[in-house]
Each structure stands twice: as structure tokens, then as C-alpha cells.
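To start, the structure itself, in C-alpha cells.
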Amino acid sequence: MGHPGKFKTLELLRRTYWWPGMHTMVSRFIEGCAECQQNKINTHPTVPPLQPIPATDVTRPFQQITIDYITDLPESNGHDSIMVVVDHGLSKGVIFIPCNKTIDAIGTAELLYRNMYRHFGLPSKIISDRGPQFVSHITRELGHILKITLSPSTAYHPQTDGQTERVNQELEVYLRIFCTGRPDTWAQHLIDAEVAHNQRIHSARNASPFYLMMGYNPILIPIAYPRTNVPLVQERLTELQKARDEALAAHELAQQVMRDRITGKFTPFKLGQKVWLEGKNLRLSYATRKLAPKREGPFEIIEVLSPLNYRLKLPATWKIHPVFHASFLTPYHENNTHGPNYTRPPPEVIDEQDEYEVEAIVGHRKQRGGIRYHIKWKGYSSGENTWEPEDALIPNAQELLRGYKKAKKLA
């Protein structure tokens, strides 16, 4: 019968059967089905909350700012975090500054001095989280001397920093789109991300942040230009144009993703909870992308970095950063009505060797030493798939292997 969904399953069953509590039982059974959770279109995606900060009267750019950090990124140019500075009061402009998670109060002040002060002077108010950079004695004393009001958000009023959180979410989506397959290069693309944001018209202002900050929109890298006979110039212009086009396209897609997720309810995930990971941005070698599962996992949450960012326990063979935004995660369900999805059978001992049963060969990749095959093991989740050389496949998988090689013309 396959996996037709709750209503279709009920309709098919009612043609022949009926029992008390049938609707509830079918609903619970399908809710606990891992194949349905993993492969069907998610009509109720995770929706993180977004709340604005109340505005105040300001007369100049970056007079009132919000500051937050995106941390635990893969290292890029010696950095593992981003300081996000938002002009809350006037322009809605942003400044993205690469930094490190270990940054202290003095380091924060130095980055603001080098990246914001030289353009806009001192702010009159800073809204931030309650990190050590903002609640230390040094920060409070600097604020007092420079007459800057420090307004750290509280655990009971997360909306204090809602606007910066919105920018953080959008930036993380942007970076995932822009840096897919090359996550260690995000630091060199922050300028493109910043320009892409600041040159777009803000819906609440009917003008771009650039225009509100400077009174004009600066000239950006052109969409088209005459070709040149100087190879180095042509190569550089092509590189700049490509970066500009990719930045604008990725930023537009990130904004659309955020618009699609600004309404609805959101329940933060918990430590130890199992979740599905959206597979659209994962580069996994399935035989055909169209038939690949929409989600991978389930994976255990091993660290809660914030209500919106989580570290997952991923397979050791996955060479990707294990921290993900909540919008890329979906709760995994298992219940008594359906029973366990993954029986995780123990291996058979053949010739004193542990042997697991191969369910399917889902992909392959060529590398030095031959071809390695992406193996789905019977009774185990796709998150536990492994890459195996041909000579490691057990004898009862030879028929599967021959069929796969024939279909992929590898024989």
C-alpha cells in the first residue's frame, strides 16, 4: 500500500474495516512512521519567532545599535564567529565583522572602533545580549565615560534583541546558500552579504539603508560591462561580477525563506532530542537527487547553543559543520502505536567477522584506490549510512552491487 498519508489510509481501510478508535490509531501510526517523516513534503516547517524592538527617535545612522554574535562557525581566515551590528533606529543598515567566539570586552570595543566609529562616530545606545562582552565591569565603565547607554536583553524579554536575531537568521540562511560546499570561505564573503543587505529597499523605511545613511545609493559592481583584452583585468571583473550576482541571488532567497517563516508557533528543541535535518543543502552522493530523502537522520541534539541554533551528532564521515539553525530541523516522532522505526539488528558472525545486512546502495563516488559505495544498512537510519569499498561488501550484497553497477554503467 506504500505510505499514502493519514486521510488516504483511512479512506482505504474504511472500505473493508472498522474498529473503535480507528481514526486515532491510524493518525498515531502514521505520525510515528520514519519513512513518512523523512520523505514527505513538510507542510508545517519549523517556524522560529521574530519580534521587533520598539523604535525610538534618532537623527543619525548607528546612533542606536544592536549587537549580537553568530558563533561556532567553521574556521575561515582564522575566524569562527561573526559580530552582527544593526542600525536599529534610522537606516536598518548592518555591519558584519568576522571575529572569534573568545572575544572579550576590549576586543569588542576594538572591532567597533575599527569598523563603525570611523564611519559613524559613537552610538548613544547599545542593545545586546547578556554575554560577558557586555556585562563586564570594563564595558560598563567605558559606557559611563563615553555616555553610551548599555541595554542588555534579559532572559525574560528576548524581544529586546529581536531585530538582530532576525538579521542573524537571515545571515545564516544567506551563508548556507552562498557557501554550500565551501563553508571555510564565509569570512571573505561577508562584504558581499553586507552590501546585498544595505542596497535593498527596507519595507519599513521605503528606502535602502545606503540611501538613509549617505543620502544616495552607491554605484555597485555592474551587471554587464565591455570585455577587455587584458586577461588579468577580465578575470578580476568576471570574478567580481560572479560574486555580486551570487550574493544578490542568495540574499534574495534568504529573505524569501525568512518571509515564509515569520508566522506560526515555534517550540525550541531540547538537549538529547532527535531531529530530522533538511537535506536540500547537503551534498550527499545519492544515485539520483530526485529520489534522495528530503530529510536526513534522525540525529541527536548534543548541544543547545541558543533557542535557534543546535549542534547535532552527525556521522564521522560527514565533512560538514554540525551546527544548524532551527529552521533546518524537524522533530523526529516515535510512538507505541507504530513501534520502533529502526530495529538496529545485531550483526551476524560469519568467519569470525561481524556482518551487517545491506538494504540498498544509494550512491557512489570515485576516488584514489577505486570506487566507494554509499550503503544503507537494513534496520538502521539513513543517518547511519556509511561509505564502503567494494571488497568490504558482504557476499549477500553482491547481487545488489551487480544491479547497481549495471544501472550506473560502472561494470
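The values are calculated or read from the model by the stated rules, or taken from the named source; none is laboratory data. Worth saying up front: this structure is predicted, and the values here are computed from it rather than measured. Here Cβ is always computed from backbone atoms with ideal geometry, including for glycine, and neighbour counts include all displayed protein chains.
Below are the figures for this structure:
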{"item": "Residue list for segment 323-337, restricted to those being at pLDDT below 80, touching a helix residue (DSSP H, G or I) at 6+ places or on another chain (Cβ under 7 Å) and either of a type in the set (F, W, Y) or assigned to a loop (DSSP other than H, G, I, E, B) (or both)", "result": "N335, T337"}
{"item": "Matching residues in segment 347-359 - criterion: being surrounded by fewer than 17 Cβ atoms within 10 Å (Cβ to Cβ) and modelled with pLDDT of 75 or more", "result": "E355, E357, E359"}
{"item": "Among (1) within 20 Å of F96 (Cα to Cα); (2) at pLDDT below 85, the one test that K147 misses", "result": "(1)"}
{"item": "Close pairs (8 angstrom Cβ cut-off, 6 or more residues apart or separate chains): over 10 Å from P209 (Cβ atoms) in segment 79-95, aromatic (F, W, Y) and in a strand (DSSP E or B) anywhere", "result": "S81/Y69; I82/Y69; I82/F96; M83/Y69; M83/F96; V84/Y69; V84/F96; V85/F96"}
{"item": "Some residue of segment 119-142 being modelled with pLDDT of 80 or more, closer than 22 Å to Q63 by Cα and part of a helix (DSSP H, G or I)", "result": "yes"}
{"item": "Any chance L253 is in a helix (DSSP H, G or I), among the aliphatic types (A, V, I, L, M), surrounded by 12 or more Cβ atoms within 10 Å (Cβ to Cβ) and modelled with pLDDT under 80", "result": "yes"}
{"item": "Criterion (among the basic types (K, R), modelled with pLDDT under 80 and outside any helix (DSSP H, G or I)) met by exactly one of R166, R205", "result": "R205"}
{"item": "Residues satisfying the stated conditions in segment 363-400, i.e. assigned to a strand (DSSP E or B), surrounded by fewer than 18 Cβ atoms within 10 Å (Cβ to Cβ) and either in contact (Cβ under 8 Å) with a residue 24 or more places away in the chain or not charged (D, E, K, R) (or both)", "result": "R365, Q367, G370, I371, T386, W387, P389"}
{"item": "Among the candidates D87, D72, residue that is at pLDDT 75 or above and in contact with a Pro (Cβ under 8 Å, 6 or more places away or on another chain)", "result": "D87"}
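Okay, residues lined up against (1) over 24 Å from the mean Cα position of the chain (by Cα); (2) modelled with pLDDT of 75 or more; (3) not in a strand (DSSP E or B):
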| site | (1), (2), (3) |
| --- | --- |
| K280 | no, no, yes |
| G297 | no, yes, no |
| Y310 | no, yes, no |
| P315 | no, yes, yes |
| H321 | no, yes, yes |
| G339 | yes, no, yes |
| P345 | yes, no, yes |
| I361 | yes, yes, no |
